[in-house]
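Peer 1: One structure coming up, written as structure tokens, with questions to follow.
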Amino acid sequence: MAPMNLSRLCVHTMTTKPWSLTECCWHYAQAGIPHMTIWRNVLEGLDLKEAAGVVADHGLAVTSLCRGGFFPSTDTEKRAAAIDDNKRAIEQAAALGAPLVVLVCGADPGQSLEKSRKQIQEGIAGLLPFAETHDVRLAIEPLHPMYAGDRSAINTLGQANDMAEALDSPWVGIAVDVYHLWWDPDLETEIHRCGRQHNLLAFHVCDWKTPTTDLLLDRGLMGEGCIHLKKIRQWVEAAGFDGPIEVEIFSSRYWEQDQESYLRQIVEAYEEYC
Ligand code: ZN
């Protein structure tokens with residue numbers, strides 16, 4: 001059984017990218033980590049029932065499946081293919097007992113952000129009945145504006161709140177990731193708004209390093225950067241969130257290191273800085 005102080009700790013399989021699903025489960029369980037978020041890359045080539053069995057055998061609870069989304073495109077066929085892929089993600093989540101699929105909503109540099117946002121909203125709206133049938137919710141994850149070109153046209157929690165409220169369904173909410181949102185002067189207000197509307201479904205942590213040397217693969221371990229994690233955690237908890245705190249770090253630097261000692265560093269950083 002996990003020590004009490006780790007009872008809310010969740011690690012994303014992408015954080016320890018060199019490990020397979022089985023290795024993630026084994027090492028997380030050994031470290032006393034009770035929750036995991038599964039990235040779809042670790043499922044490739046695995047039978048879903050077997051994958052669910054591996055997770056259950058190690059006593060881990062699955063917080064989310066990452067990820068769906070990528071709705072916008074100037075190409076109609078690509079938009080349709082994205083819907084099919086999101087349905088597959090929802091089916092995978094259901095099979096793994098994950099109550100949530102996180103959405104990286106997408107953007108197409110060949111069209112305006114407004115048009116991309118419209119396609120995102122239409123895409124999510126079309127998936128809601130399928131999500132409900134599978135008892136899996138969808139979480140819009142606003143991404144830092146440096147990704148507005150091609151990864152997400154939703155870049156602030158305010159925009160995500162607008163969209164979730166417009167969709168107005170218990171099957172869609174929001175994932176708050178400190179890496180993407182820490183800089184926003186409206187963050188506290190928008191976190192409270194998100195909680196009031198019962199849309200705050202997930203909380204992702206890491207840190208923002210200065211300088212950041214890569215737009216995607218240079219996230220910091222908690223405590224390494226300039227994000228006031230404890231303050232933001234207070235805000236999400238004041239807004240009613242009491243779910244797992246998910247460590248999501250993409251870092252080519254950490255992936256090169258011994259993952260076992262890295263996992264110990266993650267647990268220590270979580271205890272000290274989150
Ligand atoms: Zn995230």
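The values are calculated or read from the model by the stated rules, or taken from the named source; none is laboratory data. Because the structure is a prediction, the values reported are computed rather than measured. All Cβ positions, even for glycine, are placed from backbone atoms using ideal geometry, and neighbour counts span all protein chains on display. To get the accessible areas, we keep the full protein, side chains included, count just its heavy atoms, and leave off ligands, DNA and RNA. Shrake-Rupley method; radii C 1.70, N 1.55, O 1.52, S 1.80 Å.
Peer 1: With a cut-off of at least 2 residues that are hydroxyl-bearing (Ser, Thr, Tyr), away from the ligand (no atom under 16 Å from the Cβ) and within 20 Å of Gly32 (Cβ to Cβ), name the helices (runs of 4 or more DSSP H) lying wholly within segment 220-274.
Peer 2: Numbers: elements: 229-238, 252-255, 259-273.
In segment 220-274, the matching helices (runs of 4 or more DSSP H) lie at 259-273.
Peer 1: In segment 144-163, how many residues are aliphatic (A, V, I, L, M) and either open to solvent by 10 Å² or more (accessible area, probe 1.4 Å) or away from the ligand (no atom under 16 Å from the Cβ) (or both)? Spell out the reasoning first.
Peer 2: Of all residues in segment 144-163, those aliphatic (A, V, I, L, M) come to 146, 148, 153-154, 157, 160, 163.
Those left that are additionally either open to solvent by 10 Å² or more (accessible area, probe 1.4 Å) or away from the ligand (no atom under 16 Å from the Cβ) (or both): 146, 148, 153, 163.
Residues that pass the stated criteria total 4.
Peer 1: Continuing with the same structure: Looking only at residues that are closer than 20 Å to Gly220 by Cα and aliphatic (A, V, I, L, M) in segment 172-183, which one is surrounded by the most Cβ atoms within 10 Å (Cβ to Cβ)?
Peer 2: Step one: list which residues in segment 172-183 are closer than 20 Å to Gly220 by Cα, which gives 175-183.
Of the ones still in play, those that are also aliphatic (A, V, I, L, M) are 175-176, 178, 181.
Working: Ala175: 27, Val176: 29, Val178: 25, Leu181: 24.
So, considering only residues that are closer than 20 Å to Gly220 by Cα and aliphatic (A, V, I, L, M), the one surrounded by the most Cβ atoms within 10 Å (Cβ to Cβ) is Val176.
Peer 1: Continuing with this model, one more query. Which ones in segment 106-137 are assigned to a loop (DSSP other than H, G, I, E, B) and open to solvent by less than 50 Å² (accessible area, probe 1.4 Å)?
Peer 2: Taking segment 106-137 as the starting set, the residues that turn out to be assigned to a loop (DSSP other than H, G, I, E, B) are 107-112, 134-136.
Within segment 106-137, Ala107, Asp108, Gln111, Val136 meet the criteria.
Peer 1: So which of Glu165, Glu132, Glu141 is in contact with a strand residue (DSSP E or B) (Cβ under 7 Å, 6 or more places away or on another chain) and of a type outside the set (Gly, Ala, Ser)? Working first, answer last.
Peer 2: On the way: Glu165 fails: in contact with a strand residue (DSSP E or B) (Cβ under 7 Å, 6 or more places away or on another chain); Glu132 fails: in contact with a strand residue (DSSP E or B) (Cβ under 7 Å, 6 or more places away or on another chain).
Going through Glu165, Glu132, Glu141 in turn, just one is in contact with a strand residue (DSSP E or B) (Cβ under 7 Å, 6 or more places away or on another chain) and of a type outside the set (Gly, Ala, Ser): Glu141.
Peer 1: Check Leu6, Leu46 and return the single one that is out of contact with any strand residue (DSSP E or B) (no Cβ under 6 Å at 6 or more places or on another chain), farther than 15 Å from Tyr262 by Cα, open to solvent by 60 Å² or more (accessible area, probe 1.4 Å) and not charged (D, E, K, R). Spell out how you get there, then give the answer.
Peer 2: Values: Leu6 fails: open to solvent by 60 Å² or more (accessible area, probe 1.4 Å).
Result of the check over Leu6, Leu46: Leu46.
Peer 1: Let me ask something else about it. Which count do you get for residues in segment 231-274 that are among the acidic types (Asp, Glu) and over 17 Å from Val176 (Cα atoms)? Show your work before the answer.
Peer 2: Looking only at segment 231-274, we keep the residues that are among the acidic types (Asp, Glu), and these are 237, 242, 246, 248, 256, 258, 260, 268, 271-272.
Still in the running and over 17 Å from Val176 (Cα atoms): 256, 258, 260, 268, 271-272.
So the answer is 6.
Peer 1: Something else about it: Pairs, please: C-beta under 8 Å, at least 6 apart or cross-chain, first residue within 17 Å of Ala202 (Cα to Cα) and open to solvent by 20 Å² or more (accessible area, probe 1.4 Å) and in segment 53-67, second away from the ligand (no atom under 16 Å from the Cβ) and part of a strand (DSSP E or B)?
Peer 2: Final answer for the pair search is none.
Peer 1: When the residues of segment 68-96 are narrowed to those that are small (Gly, Ala, Ser) and either in contact with a strand residue (DSSP E or B) (Cβ under 7 Å, 6 or more places away or on another chain) or surrounded by 14 or more Cβ atoms within 10 Å (Cβ to Cβ) (or both), which ends up nearest to Arg151 (Cα to Cα)?
Peer 2: Filtering segment 68-96 down to residues small (Gly, Ala, Ser) leaves 68-69, 73, 80-82, 89, 93-95.
Those still in the list that are either in contact with a strand residue (DSSP E or B) (Cβ under 7 Å, 6 or more places away or on another chain) or surrounded by 14 or more Cβ atoms within 10 Å (Cβ to Cβ) (or both) too: 68-69, 73, 82, 89, 93-95.
Values: Gly68: 12, Gly69: 9, Ser73: 11, Ala82: 13, Ala89: 18, Ala93: 22, Ala94: 25, Ala95: 27 Å.
My answer is Gly69.
Conditions (1) in contact with a Leu (Cβ under 8 Å, 6 or more places away or on another chain); (2) more than 16 Å from the ligand (Cβ to nearest atom); (3) open to solvent by less than 30 Å² (accessible area, probe 1.4 Å); (4) within 24 Å of Gln257 (Cα to Cα), marked per residue:
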{"residue": "Pro170", "(1), (2), (3), (4)": "no, yes, no, no"}
{"residue": "Leu187", "(1), (2), (3), (4)": "yes, no, yes, no"}
{"residue": "Ile191", "(1), (2), (3), (4)": "yes, no, yes, no"}
{"residue": "Ala202", "(1), (2), (3), (4)": "yes, no, yes, no"}
{"residue": "Thr212", "(1), (2), (3), (4)": "no, no, no, yes"}
